1. If you go through the range 98-107 one residue at a time, how many are under 15 Å from Trp72 (Cβ atoms) and either in a loop (DSSP other than H, G, I, E, B) or open to solvent by 70 Å² or more (accessible area, probe 1.4 Å) (or both)?
2. Got a number for residues in the range 49-59 being open to solvent by 80 Å² or more (accessible area, probe 1.4 Å) and either touching a Gly at 6+ places or on another chain (Cβ under 7 Å) or in contact (Cβ under 8 Å) with a residue 60 or more places away in the chain (or both)?
3. Any residue in the range 60-69 that is free of Cβ contacts under 8 Å to residues at least 24 places away in the same chain and over 9 Å from the mean Cα position of the chain (by Cα)?
4. Can we say Ala29 is of a type in the set (A, V, I, L, M, F, W, C) and without any contact (Cβ under 8 Å) to a residue 12 or more places away in the chain?
5. Among the residues in the range 75-97, are any of a type in the set (Ser, Thr, Tyr), within 16 Å of the chain's Cα centre (by Cα) and in a helix (DSSP H, G or I)?
6. Please indicate, with yes or no, whether at least one residue in the range 63-80 is among the aromatic types (Phe, Trp, Tyr), within 25 Å of Ala29 (Cα to Cα) and open to solvent by 50 Å² or more (accessible area, probe 1.4 Å).
7. For residues that are in contact (Cβ under 8 Å) with a residue 12 or more places away in the chain and assigned to a loop (DSSP other than H, G, I, E, B), scanning just the range 15-26, find the one that is most open to solvent (accessible area, probe 1.4 Å).
8. Taking into account only those residues within the range 81-97 that are touching a His at 6+ places or on another chain (Cβ under 8 Å) and open to solvent by less than 30 Å² (accessible area, probe 1.4 Å), which is nearest to Ala21 (Cα to Cα)?
Amino acid sequence: LRLLEAMRKGGAPVLEESTAAAMFRNQTAGLSGQQPGTGFGFGGAVLLDPVKVKTPQSAGTLNWGGVYGHTWFVGPARKITVVAFTNTAPEGLAGKFPSALRDAVYEGLSQP
C-alpha cells in the first residue's frame, strides 16, 4: 500500500517522479490483442477509456491482481489507492469480487 500510495503521489520517497509517471503511462500503444480501452504501463494495466471498459474509474487508473486472490487499483484523479488480499484464487483476481469492490468504493465516493 505504501508503494502504491507513493506511486500515486508522484513517486517520492521510493521512486523518481519520471519513473512513477511511466508506471501510469501506456507503454503498449498500437499493439494488438489488448482489451479495448486499456493499455499497460510499467506498473500494471492502465485505464485509457472508462466508457469502453464500463467502469466508474477515471482514465489513468492503474490496476493489477494476482492468481491467488489479491487485487489493487490506484486512481490518481480521485486520489485513492485500494488493496485487497483475499486468498480466493482465482475469484479474487478475475471473479465478481474485484468488480464489486471497485463499484462499492466508487459508490461510496459519490455519497455526500
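The values are calculated or read from the model by the stated rules, or taken from the named source; none is laboratory data. For clarity, every value in this text was computed on a predicted model and none was experimentally measured. Note that we place each Cβ from the backbone using ideal geometry, even for glycine, and neighbour counts take in every protein chain shown. Protein only, heavy atoms only, side chains kept; ligands, DNA and RNA dropped before computing areas. Shrake-Rupley method; radii C 1.70, N 1.55, O 1.52, S 1.80 Å.
1. Total meeting the criteria: 0.
2. So the count comes out to 1.
3. There is no residue in the range 60-69 that is free of Cβ contacts under 8 Å to residues at least 24 places away in the same chain and over 9 Å from the mean Cα position of the chain (by Cα).
4. For Ala29, the condition - of a type in the set (A, V, I, L, M, F, W, C) and without any contact (Cβ under 8 Å) to a residue 12 or more places away in the chain - is met.
5. no
6. Within the range 63-80, one or more residues are among the aromatic types (Phe, Trp, Tyr), within 25 Å of Ala29 (Cα to Cα) and open to solvent by 50 Å² or more (accessible area, probe 1.4 Å).
7. Going through the range 15-26, the residues in contact (Cβ under 8 Å) with a residue 12 or more places away in the chain turn out to be 19-20, 22-26.
Adding the requirement that they be assigned to a loop (DSSP other than H, G, I, E, B) leaves 25-26.
Numbers: Arg25: 126, Asn26: 41 Å².
Selected residue: Arg25.
8. That would be Ala84.
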